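J.: Below: one structure in structure tokens.
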Amino acid sequence: MIPLWADNARRKADINNYPRRGSVKAEDGMFLKNCWYLAAWADELQPGAMLARQIAGEHVLFMRGEDDGVSALADLCPHRFVPLSMGRYEEGRVTCAYHGLRFDGHGKCIHNPHGPISAALSVRSYPFVERHAALWLWLGEAELADPALITDLTFIDETAPEARVKGRLHSQADYRVMVDNIMDLTHADYLHASTLGGGINTIAKADVEQDGGAITITWTAEDEVVPPMMRGFTGHADGVGDFLNRIAWHAPSIMVQDVNVGSTGSLKSGRWNQTARGCHVMTPETETSTHYFFMNCNSSTKAHPETAPMVRAALVDAFSNEDAPISIAQTQRIAGRDFWSLRPAMLPSDKGAVLVRRALDRMIADEAQRLVAA
Amino acid sequence: MIPLWADNARRKADINNYPRRGSVKAEDGMFLKNCWYLAAWADELQPGAMLARQIAGEHVLFMRGEDDGVSALADLCPHRFVPLSMGRYEEGRVTCAYHGLRFDGHGKCIHNPHGPISAALSVRSYPFVERHAALWLWLGEAELADPALITDLTFIDETAPEARVKGRLHSQADYRVMVDNIMDLTHADYLHASTLGGGINTIAKADVEQDGGAITITWTAEDEVVPPMMRGFTGHADGVGDFLNRIAWHAPSIMVQDVNVGSTGSLKSGRWNQTARGCHVMTPETETSTHYFFMNCNSSTKAHPETAPMVRAALVDAFSNEDAPISIAQTQRIAGRDFWSLRPAMLPSDKGAVLVRRALDRMIADEAQRLVAA
Amino acid sequence: MIPLWADNARRKADINNYPRRGSVKAEDGMFLKNCWYLAAWADELQPGAMLARQIAGEHVLFMRGEDDGVSALADLCPHRFVPLSMGRYEEGRVTCAYHGLRFDGHGKCIHNPHGPISAALSVRSYPFVERHAALWLWLGEAELADPALITDLTFIDETAPEARVKGRLHSQADYRVMVDNIMDLTHADYLHASTLGGGINTIAKADVEQDGGAITITWTAEDEVVPPMMRGFTGHADGVGDFLNRIAWHAPSIMVQDVNVGSTGSLKSGRWNQTARGCHVMTPETETSTHYFFMNCNSSTKAHPETAPMVRAALVDAFSNEDAPISIAQTQRIAGRDFWSLRPAMLPSDKGAVLVRRALDRMIADEAQRLVAA
């Protein structure tokens, strides 16, 4: 008699051997695992519905019960590797389409029509938090998943939903190239010349600070022509005024942005005609594709929520038709090679982006070493 | 003078070094070679015609003369590697489109417009048998190609062609995943609930036997509700009756099926209202694609051949729209990795499928060792 | 403080480490670098325009100023690897779309809006010559780029533009397979039977000569039926006459062709009714794709330039619909493996093609050794 179940004991012992399960080899070493990923906007997952999404190479299934409870499981039946997302979701439980195994929101098998429920019959469950109108996912070691580590996006909660300018775009680009793009906004003067550029981003004084995990770059300019889209906020017909633009990066790829515009003197006084806080979150899907989550909450759309769709359209146009082709072309030219091995020429304006790349590289390397040692 | 033909002697010596010729590296170790593959239904190859098909990674050209003689050659001119199927077939001979080399059905060069016919100018010929309305191909060592090893499908010959429910489907799935699917028919209760399922496959008693090369699994149930499509055969309006479903696997991926349905008591008496014998043959095309040949010969279509197209349509619907998406998704999730390394959870219902996978793995490993030793 | 510019010194030192920059690993060892590639017909690049083209794996940007000056740069900004071809070309300078870096035709950075212009901010410039109505590119060591090494195609200059039968075709085929195709024109009898074939290419006497770098094969036939398209030039209704067809290969993949047709006795007298000189240039794009540049200058179209489009159409038809499918199929069957490792059977008619393959293999191997030694 061949012991059919011999593998089960070994399987159970390894169930927490998380980096291998549900991930693919090629992606190892490219993504941070012990961190919170913004996986979806909360309203992408409706009550009683499932959402299947690949995050940093892992196939994840999000489910929201009718009672609003959310869970995140590996999107993979442990029996024959069918995506659970092909099955049926009812009353907080998902039933595999293939052989009827049923799992609860913790990944525990609660129905096996074919025999006893063994410990091997469990699906990996991911630490998961709903906060700031978003769903946050932890891919790494569960015991390290501290919700206090989630990037503070309280500005979202403080903005009425109808005043939020929000979206998710998908791009066939390396997420790190897309982080570079935000960490060096001087590109707006060339790539978005008629909307977000105009020259001021290059003229502005740039200050870079590293504080704990965050890396912040602040561009300031006084008595200069601000970007075309913001000229109305200076109070001058010629668009001359003060300007402050700040990006604060948080690992792995979450960037909070403040843009303030006002008449000349605003920077010194700290009183602005227009303030905006938003975020750009580049959540990797695979090695060469990214979910780009953006949010913009500004004083104008707060005052006039009916203008939010128009602002959203302008941002989507810039991201999709100006940024995305560049990021995709960069990803194709880098072609999977190590970025540094290609010896990019350095400009002073790269300081923020370079510090971020180095910080992220170091975190990923540290994590890999930790896992090898463990 | 450079000896242009220096390679020819070496080439001749290696002409029987079959695993390399016409195959691609990536596929080594995944397919059994010393076995009969069902390569086509016989009527796919008309008199005077050619049929090019990839079988287990090898490009094969089937030709049928006007006199009905069939041959199978490597679909590759030995001169400059043009597929012979791009050429012309006349009077049992194929002429390469590129330089006019002509080969007979044994792969022997019978015309070279450019010089003498050397031994190097021969195309590999595969052992080949037409039997049971099918074309059978042997990819391995010719001296081992014993037609007695062809799986017995006499039931086909015993059924009038118009009563046969027959087809070939192509799927972007690993053939082993498709074998698993047939070896565990409990899936019908979940995936084909309204036609072939309904619960009885899971309720049924399953007996697995290993007899020589064959692995047989038999599901039996007495006085139970049979699958929806078969309820009319119980003689009871509520569909309650006896049910026997048997799958017999033969290497590499040929499964003969018997399905019997009758009123309660049929299992004990051995007298059934409806009997069906068929086969499911999963012939690998590449590592991730499969030719699925199916045949169903049952007492109803024998009595009423005009119903055969309707039965065929129902089977094609189940295979294409219910099974295939699952098999394809499994193949994508396995992503070329070794199935066992992923540690599938085991259910008692997997016994047949697991025994088959282990038998096949062992045969492939034994064959690889044999070749290394030789 | 992290030294952001630490890499720049090292980058500068390596700026002439050409094989790595802008090329991709997979292509190493497959292409000759120290040679002139025909990269485009001159009229493909209009004054004030750019042309982006991949040559032997390298992305190259050709630019022609309003003053007709042409330059060739790596199509890659050294800053963040955006293709320069996505930017703007004005007054002989290209401005990167992403951050506004501007480069002149020598690849020298002439404008950096973000700081000083360091030596690292330069784009590789390729040696480049416009000659014989074509643009010639040198991918290797600049100091070896001697224009005297460009294959002599003076026959183009001697033909009025309107009498030239010229084109560029793109094919998903290995360039070496496409060279083989021209070096053995016996294939015309089978693949182009009704136009360029008819049997004479196989019947003809073939003489192969190796003279310095060139390898020449000459087919001659006397008092035979010439190819269908040329029968009118024999002066006999039955198309019988003399025929001379010569191909001279020059590294890496430039073949000059002479085709002469006349009445019987022409070969001895050297007086022909119809003479044609042309070239077939197979410039590799990637490992599996090729730019095929062809030119045909013959006595008929010189006399009647209005017939040039018709001759062109006939050639394009033969190349695209007869040659290309064969070359593509060969490339797919070779599947990236070494040609010789597949042990092609040799025919006497392969002599020219085999000598060329061996010469090219040797040149590539010598170049690789030279680079390792350097």
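J.: Being out of contact with any helix residue (DSSP H, G or I) (no Cβ under 9 Å at 6 or more places or on another chain), more than 7 Å from chain B (Cβ to nearest Cβ) and open to solvent by less than 20 Å² (accessible area, probe 1.4 Å) narrows it down to one residue among C:A359, C:A353, C:A368; which is it?
T.: Just a single option satisfies the conditions, and that option is C:A359.
J.: Among (1) among the hydroxyl-bearing types (S, T, Y); (2) within 21 Å of C:T275 (Cβ to Cβ); (3) surrounded by fewer than 18 Cβ atoms within 10 Å (Cβ to Cβ), which single condition is C:S194 missing?
T.: Answer for C:S194: the failing condition is (2).
J.: Where the second residue is assigned to a strand (DSSP E or B) and the first is among the polar types (S, T, N, Q) and lies in segment A:216-231, which pairs have Cβ atoms under 6 Å and are six or more apart or on separate chains?
T.: A:T216/A:E209; A:T216/A:A248; A:T218/A:D207; A:T218/A:R246; A:T220/A:K205; A:T220/A:L244
J.: Moving on. Of (1) of a type outside the set (S, T, N, Q); (2) closer than 15 Å to A:A39 by Cα; (3) at pLDDT below 95, A:H280 satisfies all except one. Which?
T.: It fails just one condition, (3).
J.: Quick test for you: out of C:D68, C:D75, pick the one residue that is within 12 Å of chain A (Cβ to nearest Cβ) and either out of contact with any helix residue (DSSP H, G or I) (no Cβ under 9 Å at 6 or more places or on another chain) or in contact (Cβ under 8 Å) with a residue 24 or more places away in the chain (or both).
T.: Details: C:D68 fails: within 12 Å of chain A (Cβ to nearest Cβ).
Result: C:D75 is the single residue among C:D68, C:D75 that is within 12 Å of chain A (Cβ to nearest Cβ) and either out of contact with any helix residue (DSSP H, G or I) (no Cβ under 9 Å at 6 or more places or on another chain) or in contact (Cβ under 8 Å) with a residue 24 or more places away in the chain (or both).
J.: Okay, moving on. Could you list all residues from segment A:108-127 that are out of contact with any Pro (no Cβ under 9 Å at 6 or more places or on another chain), at pLDDT 95 or above and either more than 25 Å from B:L185 (Cβ to Cβ) or not assigned by TED's automatic domain parsing to the domain that holds A:Q54 (or both)?
T.: Of everything in segment A:108-127, those that are out of contact with any Pro (no Cβ under 9 Å at 6 or more places or on another chain), at pLDDT 95 or above and either more than 25 Å from B:L185 (Cβ to Cβ) or not assigned by TED's automatic domain parsing to the domain that holds A:Q54 (or both) turn out to be A:K108, A:S125, A:Y126.
J.: Please list, ordered by first then second residue, the pairs with beta carbon atoms under 8 Å, 6 or more apart or interchain, first in segment B:309-333 and at pLDDT 95 or above, second of a type in the set (K, R).
T.: Between residues of segment B:309-333 that are at pLDDT 95 or above and residues that are of a type in the set (K, R), the close pairs are B:R312/B:K166; B:Q330/A:R80.
J.: Looking only at residues that are away from chain B (no Cβ under 13 Å) and open to solvent by 30 Å² or more (accessible area, probe 1.4 Å) in segment A:89-103, which one is nearest to A:L121 (Cα to Cα)?
T.: Looking at the filtered set, the residue picked out is A:R93.
J.: B:E143 fails exactly one of the following numbered conditions: (1) within 11 Å of another protein chain (Cβ to nearest Cβ); (2) among the charged types (D, E, K, R); (3) surrounded by fewer than 20 Cβ atoms within 10 Å (Cβ to Cβ). What is the number of that condition?
T.: The one condition B:E143 does not meet is (1).
J.: If B:E44 meets every condition in (1) open to solvent by 10 Å² or more (accessible area, probe 1.4 Å); (2) within 14 Å of chain C (Cβ to nearest Cβ) apart from one, which number is that one?
T.: All conditions pass for B:E44, except number (2).
J.: Here's a follow-up. Yes or no: segment C:166-180 includes at least one residue that is surrounded by 22 or more Cβ atoms within 10 Å (Cβ to Cβ), in contact (Cβ under 8 Å) with a residue 12 or more places away in the chain, within 24 Å of C:A308 (Cβ to Cβ) and in contact with a helix residue (DSSP H, G or I) (Cβ under 6 Å, 6 or more places away or on another chain).
T.: yes
J.: For the structure I just gave you, tell me whether A:T264 is under 25 Å from C:P113 (Cβ atoms), more than 14 Å from every other protein chain (Cβ to nearest Cβ) and over 21 Å from the mean Cα position of the chain (by Cα).
T.: The answer is yes for A:T264.
J.: For segment A:274-289, indicate whether the set of residues that are more than 14 Å from chain C (Cβ to nearest Cβ) and over 24 Å from the mean Cα position of the chain (by Cα) is non-empty.
T.: Yes, the conditions are met somewhere in segment A:274-289.
J.: Next up: Looking only at residues in segment A:128-140 that are open to solvent by 30 Å² or more (accessible area, probe 1.4 Å) and not hydrophobic (A, V, I, L, M, F, W, C), which one is nearest to the other protein chains (Cβ to nearest Cβ)?
T.: Looking at the filtered set, the residue picked out is A:E130.
J.: Yes or no: segment C:297-309 includes at least one residue that is within 27 Å of C:K351 (Cα to Cα), of a type in the set (V, I, T) and more than 14 Å from chain B (Cβ to nearest Cβ).
T.: No, every residue in segment C:297-309 fails to be within 27 Å of C:K351 (Cα to Cα), of a type in the set (V, I, T) and more than 14 Å from chain B (Cβ to nearest Cβ).
J.: Can you work out which of the residues in segment A:82-106 that are on the phi > 0 side of the Ramachandran plot and more than 27 Å from the chain's Cα centre (by Cα) is modelled with the lowest pLDDT?
T.: Checked segment A:82-106; the qualifying residue modelled with the lowest pLDDT is A:E91.
J.: Are any residues in segment A:313-343 at the interface with chain C (Cβ under 7 Å from one of its Cβ atoms) and either of a type in the set (K, R) or touching a His at 6+ places or on another chain (Cβ under 6 Å) (or both), and if so, which ones?
T.: Listed by number, the residues that qualify are A:R333, A:R343.
J.: Could you check how many residues of segment C:47-65 are open to solvent by 10 Å² or more (accessible area, probe 1.4 Å) and touching a helix residue (DSSP H, G or I) at 6+ places or on another chain (Cβ under 7 Å)?
T.: 3
J.: What's the number of the condition B:I156 fails, among (1) open to solvent by less than 60 Å² (accessible area, probe 1.4 Å); (2) within 12 Å of chain A (Cβ to nearest Cβ)?
T.: Every listed condition holds for B:I156 apart from (2).
J.: For segment A:106-127, which residues satisfy the criterion of being within 30 Å of A:F294 (Cβ to Cβ) and buried (at least 19 other Cβ atoms within 10 Å of the Cβ)?
T.: From segment A:106-127, those within 30 Å of A:F294 (Cβ to Cβ) are A:124-127; that's our starting set.
Residues satisfying the conditions are A:R124, A:Y126.
The values are calculated or read from the model by the stated rules, or taken from the named source; none is laboratory data. None of the values given here were measured: they were computed from a predicted structure. Note that we place each Cβ from the backbone using ideal geometry, even for glycine, and neighbour counts take in every protein chain shown. Note: areas computed on protein heavy atoms with side chains; ligands, DNA, RNA excluded. Shrake-Rupley method; radii C 1.70, N 1.55, O 1.52, S 1.80 Å.
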